[in-house]
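For reference, the structure is listed below as C-alpha cells.
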Amino acid sequence: MRSIVVLISGRGSNMVALAQALRDERWPAAIVGVIADRPQAGGLERAAALGLPGSVVDFRGYARREHFEHALREAIDALAPDLIVLAGFMRVLGAPFVEHYRGRLLNIHPSLLPAFPGLATHRRALQAGVAVHGATVHFVGVEVDDGPIVAQAAVPVRADDDEQTLAARVLAAEHRLYPMAVRWFVEGRLRVAGGRVVLLDPRPGEARWLWNDVQ
Ligand code: GRF
C-alpha cells in the first residue's frame, strides 16, 4: 500500500477527485494526510468530509521561506509518504525542499507546459489566441512549473470562451488527468530518463495525454 500526502492552498477539488478515484478504483494507495498552507483553505473541510486527516502549516507564521519549508517537511515526513501531491498549492518551493522529495513530488499546472508557466494561465491563453489549452502533471523541478512531464490533458478553446468557462473546462480535464498520473506512480510505472518520463507497460488505450472536449 502506497501512502500519499496532498498539499493544498484552496478549494481542493483535485484532492477530492484523487480521493474519489482512490475509493472507486481501489488501487493500492491511501491519502494519509492533507496539509494546507493556510487555515482558510476550503479543501480542509472537504478533506474532513471525506474522512481524510487534515492539518495546517500556516506560511504566515514564518518570517522566512526556509523556516516554513522546514516545518512543512517535518509535517510531511511525520506521515512517511511515498508520494507528495501538490494540488493547488500556491507556494514556490525552494531547491532544498524539492531535492528532498525529488522523484516523489508531483504537481498539476493549468496549462500545456512549457506554455504559460506561472499565474493567470487561462487569461494568458485567451490573450495569446491559442486554439488548444489544458493542464500538465509533472514531477517538480527546482524551477517554477518545470520538471519532467508525466501527462497532459488538452481542451479546445472556444470562440465565446471567457476566463471562467475556459478554467472550468480545464479543471474538468484536471480531475481526470491527475488521478490517472498518480495511479501510474502508485503502480510503479513511471520512469524518468534524461528528463523525460516513460510510462511502462502501457495498457490498451492508455496514453500520456487526454483530450477533454466537454462543457
Ligand atoms: C488547479 O487549476 C491547479 O491546476 C492549479 O491550482 C488549481 C487548484 O484547484 N495548480 P483545486 O484547489 O484543486 O480546486
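Just so it is clear, none of the values below were taken in a lab; they were calculated from the coordinates. No experiment lies behind these values; they were computed from the predicted model shown. Cβ coordinates were reconstructed from backbone atoms using ideal geometry, including for glycine residues, and neighbour counts include every protein chain displayed.
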Note down the relative contact order for the chain as a percent, whole number, built from C-alpha pairs under 8 angstrom at least six residues apart. 18 percent
J(HN,Hα) series, region 59-68, from Karplus relation 6.51 cos²θ - 1.76 cosθ + 1.60, nearest Hz, glycine and proline x: 4, 6, x, 10, 6, 10, 4, 4, 5, 4
Quotient of Cα radius of gyration and Kirkwood radius for region 104-161, i.e. Rg/Rh, equals 1.00
By average C-beta atoms within 10 angstrom, highest first, the peptides 135-141, 110-116, 98-104: 135-141, 110-116, 98-104
For region 198-215, just list the computed ³J(HN,Hα) in residue order, Karplus coefficients 6.51, -1.76 and 1.60, θ = phi - 60°, integers in Hz, with x standing in for Gly and Pro. 10, 8, 7, 6, x, 8, x, x, 8, 8, 7, 9, 10, 10, 10, 9, 10, 6
Rg to Rh ratio, region 1-110, alpha-carbon atoms and Kirkwood radius? 0.94
Whole-number Å³ per residue for the convex hull built on Cα positions in region 62-176: 110 Å³
Amide H within-cut-off set for residue 2, under 5 Å, with H built and near neighbours excluded: 29, 30
Beta carbons within 10 angstrom, averaged per residue: use that to sort the peptides 38-47, 122-131, 205-214, highest first. 38-47, 122-131, 205-214
Amide proton proximity set for residue 210, modelled H, under 5 Å, gap of 5+: 152, 153, 154
Equivalent ellipsoid semi-axes, the chain, via Cα gyration tensor eigenvalues times 5, rooted, Å: 26, 21, 18
Tell me the mean residue ellipticity at 222 nm calculated for the chain from its helices only (DSSP H runs of n ≥ 4, each -39500 (n - 2.57), averaged over every residue, nearest 500). -10000 deg cm²/dmol
How much of the DSSP beta bridge set in region 2-211 is antiparallel, as a percent to the nearest 5? 45 percent
